[in-house]
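Contents: one structure, followed by commentary.
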Amino acid sequence: MAESETPPPPPHAQTAFQPLPIPTLEDMQHWTWVMGRAQQMMLEAGLQTIEETPAIPIIPGFTDPRTIERARDFWTDSMKLWSRFLAPDTAPIEPENPVHAKDKRFKDPAWRDNPVFDWIRQSYLLVSDHLQRGVDDMEGIDAQQKEKLRFATRNIVEAMSPSNFPATNPLVIARTMETGGENLLSGLQNMLADLSKGQLTHTDGDAFEVGRNIATTPGKVVKRTPLYELIQYSPATKQVFETPLVIFPPWINRFYILDLTPEKSFIKWAVDQGLTVFMVSWRSADASMKDVTWDDYVEAGQIDAIDTIRDLLGVDHVHTIGYCVAGTTLAATLAVLAARGEASKVKSATFFTAQVDFSRAGELLNFVDDDQLKLIEQISPDGFLDGRYMAATFNLLRGRDLIWNYVTNNYLLGQDYAPFDLLHWNGDTTNLPSKWHLSYLRDLYRDNLLVRPGALSIGGTPIDLTRVATPSYIQAGREDHIAPPESVWQLTRQFAGPMRFVLAGSGHIAGVVNPPAAGKYQYWTNSALDGTLADFAAGATETKGSWWPDWIEWLQGLDEKKVAAKGARVPGKGALAALDDAPGQYVKAR
C-alpha cells in the first residue's frame, strides 16, 4: 500500500525567481478571455449535468432554487474577483480564505506579486471551491454516490490547477527563461523514464538500498516458506523479555517501513527495549501464487509463524503486532484461535491503524464497486496484481502531494529528485495474489462481512470477533486517510478482552513511525471506551511526543519476566539454522 505522508519539497522547489514583468494590455486581454471562457464552460457543464440528472426535479425551462442560488453565488464571487483585478485601489479588501493562504501549490510570492498570475490563481480557486461546494449541496443521491462524486471532483480540480501547466505557472515560465528551456528537456527526460517503468518517481532511485542504508537492523532469516520469510533480530541487551514479539506487516508493502534508518526504526527500538523481535517478510506474488487465499495468510502465515516461534524458544505464547491489512488478518487469526481453544498462544495483540468494520473505511471505498473489481480481474491475467496499480490507487488518495507536486517540480521545473527514505519505500511496490485481493475487497470492504459472526471462516472455522478476549493495544492516526480513526475505533466495539486505545497525531505512516527521540506529534489516551470516538477525544489526556513508550509500558505490565539473551534467543543458535542475513531475500525480489 502506498501509504505515505506529505513529502518535503524537492530542492529549489520554492526558489524565489526574479519578478516577472508587468503584463501588457494584450496579455491581460488574452488571459481574461481564457479564464472567462473557463468559467463559462464550468457553468454550462454544471447546468447540463443538473438537467440530465433524474434525481433532481427540474421545472421545464427553469432550474430549481438551489441551482439558481449556486449560480448567483458563483456570479457574485466572480464579479468581486473582477473588481479586485480591474480596480484594486477601489475594491474592498477581503481577507483570504485561510485554506487558500496555506495552499503549498501557490506558496511562491510570484503567484501574488504579479497581477495576472494572482488573478489566475484566484480564478482557479473560485472555480474549484464552487465545483466542490456544488457536490456537497447535491440532494437526491445516496451518500455513497455523493462520496464518489466528491472524490472525483476533487481529483479533477486538482488536475486542472494552473500550477500544473507551464503557460500558467510563473515559476515554470521564469525557470524556462533562466535555463533557456533546459528545465523542460530535463522534465521530459524524467517523464519518459517514468512512462517506461509505468510508475511515478518520487525520490532518487539510487540513494537507498535495502540492507545497505535502510533495513539494517542485525538479524537472520530463520525460516522460509513459499509465502513468507521469518526474520529473527539479534538481541541488544543481556536480558530479554521471556515473551517474544512477532510483527506482521501489510503484504501490500515491504516490511521495512518499520526499519528505515536506525533513528526511525521501530524494530531496532523494540530490540533495544529488551524484546526478542521476529518479523514476517511476505513474498511478492507471482503466477505461482494465483490460488493463495485469506486462509493461507492466516493458517500458513500468521498461525504458522506463531507456532514456529513458540517451538523455537520453548515458550507458551507470543506478543503480536498487525499493521494495516495484516492487523485486520490478525483479528481474524485471534478469532480462529479462540474458536479452536488456542487463544493462549497469543499473550497480546497490537494493532497499527487496522480496520475490521469497513463501514467507515473512507475514500478507499470508492475503489470497490463492480467496475473497479472487474478492472482488477482484467489486469491480473496471470493470477497476481501488479503492485504499480496499488501504488497509483493510493497516490490518488493524496493526488496533490503525491502526483501533481511531482508533475510540477520534476516534469515542468526539471528538478532533481531528492533522497527521501519514506518515499523510496512508498515506491518499492509488491505484487498481490489477485484471487485473495479481490476476495478481500468484496468480502471486507464492499460487503463488510468480518463483523458479522460466522459470515466468514478460515479452514472451516467460523470467525466471530466478539469471542476475542486477548489483551489488545489499538493505535489509530488522527489524520489517517487510509484507515480513518473512526474506522479503527470500531475495533473497540468488537473485542471482548481488555483494550487500550491510543489516538496518535499525524497519519497512516508518521503516526506509527514516530520514534521518541524525534520529539514529534502527540497522542491521546482515555480509559473510557464505552462511547464514540468523539467521546473518547473529549475526555482524553494529551501527551507530547511518541506513543511508543506508552506501548512498551503497557506490554511490560502484561509480563515482566526476563531470561538470558543466549541460546535460541540468538538468531541461528537454536533449532532453526540461519538461512540468510536480514533483511532476507523476499524483500529484495521484484
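Just a few scattered comments:
Results for (1) free of Cβ contacts under 8 Å to residues at least 24 places away in the same chain; (2) farther than 17 Å from Ala270 by Cα; (3) touching a helix residue (DSSP H, G or I) at 6+ places or on another chain (Cβ under 9 Å), shown as yes or no for each residue.
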site: Ser506; (1), (2), (3): no, yes, no
site: Val513; (1), (2), (3): no, no, yes
site: Pro516; (1), (2), (3): no, no, yes
site: Gln522; (1), (2), (3): yes, yes, no
site: Asn526; (1), (2), (3): no, yes, yes
site: Leu529; (1), (2), (3): no, yes, yes
site: Leu533; (1), (2), (3): no, yes, yes
site: Thr541; (1), (2), (3): yes, yes, no
site: Pro549; (1), (2), (3): no, no, yes
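- For the residues Asp480, Asp447, the requirement of being within 25 Å of Phe394 (Cβ to Cβ), touching a residue at least 12 places away in the same chain (Cβ under 8 Å) and among the acidic types (Asp, Glu) singles out Asp480.
- Test result for Asp307, touching a Lys or Arg at 6+ places or on another chain (Cβ under 8 Å) and either of a type in the set (S, T, N, Q) or part of a loop (DSSP other than H, G, I, E, B) (or both): no
- Some residue of segment 282-295 being small (Gly, Ala, Ser) and either without any contact (Cβ under 8 Å) to a residue 60 or more places away in the chain or part of a loop (DSSP other than H, G, I, E, B) (or both): yes
- Search result, residues across segment 466-486 that are within 24 Å of Lys345 (Cβ to Cβ), hydrophobic (A, V, I, L, M, F, W, C) and surrounded by 22 or more Cβ atoms within 10 Å (Cβ to Cβ): Val468, Ile474
- Some residue of segment 126-133 being open to solvent by 40 Å² or more (accessible area, probe 1.4 Å), closer than 30 Å to Tyr445 by Cβ and more than 24 Å from the chain's Cα centre (by Cα): yes
- Each residue in segment 373-408 was checked for being part of a helix (DSSP H, G or I), farther than 22 Å from Val157 by Cβ and at pLDDT 85 or above, and 8 of them qualify.
- Against the numbered list (1) modelled with pLDDT under 95; (2) out of contact with any Phe, Trp or Tyr (no Cβ under 6 Å at 6 or more places or on another chain); (3) of a type in the set (A, V, I, L, M), Val368 comes up short only at (2).
- Residue satisfying condition, being among the small types (Gly, Ala, Ser) and crowded, with 22+ Cβ neighbours inside 10 Å, within set Gly387, Gly454, Gly459: Gly387
- Taken over segment 414-442, the residue count meeting the criterion of being more than 14 Å from Met390 (Cα to Cα), over 17 Å from the mean Cα position of the chain (by Cα) and not in a helix (DSSP H, G or I) is 6.
- Residues that are open to solvent by 60 Å² or more (accessible area, probe 1.4 Å) and either touching a strand residue (DSSP E or B) at 6+ places or on another chain (Cβ under 6 Å) or part of a helix (DSSP H, G or I) (or both), drawn from segment 540-565: Thr541, Glu542, Lys544, Glu553, Gln556, Gly557, Lys562
- Those strands (runs of 3 or more DSSP E) of segment 178-260 in which at least 2 residues are open to solvent by less than 20 Å² (accessible area, probe 1.4 Å), over 22 Å from Tyr297 (Cα atoms) and touching a residue at least 12 places away in the same chain (Cβ under 8 Å), considering only elements entirely within it, cover 239-241.
- Hey, Thr328 among the hydroxyl-bearing types (Ser, Thr, Tyr), under 22 Å from Leu558 (Cβ atoms) and modelled with pLDDT of 95 or more or not: no
- Applying the criterion of being among the aliphatic types (A, V, I, L, M) and outside any helix (DSSP H, G or I) to the residues of segment 140-163, the residue that is farthest from Leu402 (Cα to Cα) is Ile141.
- Matching residues, segment 568-588, being in contact with a Lys or Arg (Cβ under 8 Å, 6 or more places away or on another chain), open to solvent by 40 Å² or more (accessible area, probe 1.4 Å) and either farther than 24 Å from Ser348 by Cβ or not in a loop (DSSP other than H, G, I, E, B) (or both): Lys573, Ala578, Leu579, Asp580, Asp581, Gln585
The values are calculated or read from the model by the stated rules, or taken from the named source; none is laboratory data. Computed from a predicted structure; not experimentally measured. Cβ atoms come from the backbone with ideal geometry, glycine included; neighbour counts cover every protein chain shown. Quick note on the areas: whole protein, heavy atoms, side chains included, nothing else; ligands and nucleic acids left out. Shrake-Rupley method; radii C 1.70, N 1.55, O 1.52, S 1.80 Å.
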